Every structure is written in structure tokens, then in C-alpha cells.
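These notes are about the structure you will find just below.
Every number in this text was worked out from the coordinates using simple rules, so none of it is lab data. Quick caveat, the model's predicted, so the values are computed rather than measured. With ideal geometry, Cβ positions are generated from the backbone for all residues, glycine too; neighbour counts draw on all protein chains shown.
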Amino acid sequence: MTGEIRTDYDCESTGLPAEHWAEAVFKIGDEELVIEISVEKDVIVAIGVGQDAAWKGTLKGFKQFLRGESK
């Protein structure tokens, strides 16, 4: 697995290697938005903002969540 990040300042970092997991942290004022990808048996996606708002599940479940199909 590899990761990349791009910004509106034309900054780009590509080919960041990871074997099992990767995490991106964005600091927005006093808040942190954290996106984590884990690749084991299934691909697991976790997204959190602060300590009290988070979602975690499979890649398939994340796609359903984005389409408004989560249960």
C-alpha cells in the first residue's frame, strides 16, 4: 500500500510506503481530523474528529455509509 497527500499550495508527497496501516492527521484549529486505513484480512477505514465523533468499518461499509445506505 502507498499513500499520497496533496494541498492547495501545490505541495505533494507521493509513494509513502506502508505495509499494514497508514494514518493522515489534519489539524483544524483545536480539532484533529484523523483518517486511518488498515490492510489486513479486510480493508478497514476509520475516520474521527476529536474524541467523540468517529466511524470505523470495512471499505465496503464505508462506501455504503457515503451513499447513505448504512444501517
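At-a-glance table
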read-out: Scope the stretch 5-35; condition farther than 13 Å from Ile47 by Cα, in contact with an Asp or Glu (Cβ under 9 Å, 6 or more places away or on another chain) and surrounded by 10 or more Cβ atoms within 10 Å (Cβ to Cβ); matching residues; value: Ile5, Arg6, Ser13, Leu16, Trp21
read-out: Tabulated pairs, the stretch 43-57, first within 14 Å of Glu23 (Cβ to Cβ), second surrounded by 11 or more Cβ atoms within 10 Å (Cβ to Cβ) and polar (S, T, N, Q), C-beta under 6 angstrom, 6+ apart or interchain; value: Ile44/Ser38
read-out: Extreme residue, nearest to Gly61 (Cα to Cα), among residues of the stretch 1-46 that are among the charged types (D, E, K, R) and part of a strand (DSSP E or B); value: Glu36
read-out: Any hit, the stretch 59-67, residues being surrounded by 13 or more Cβ atoms within 10 Å (Cβ to Cβ), among the small types (Gly, Ala, Ser) and part of a strand (DSSP E or B); value: no
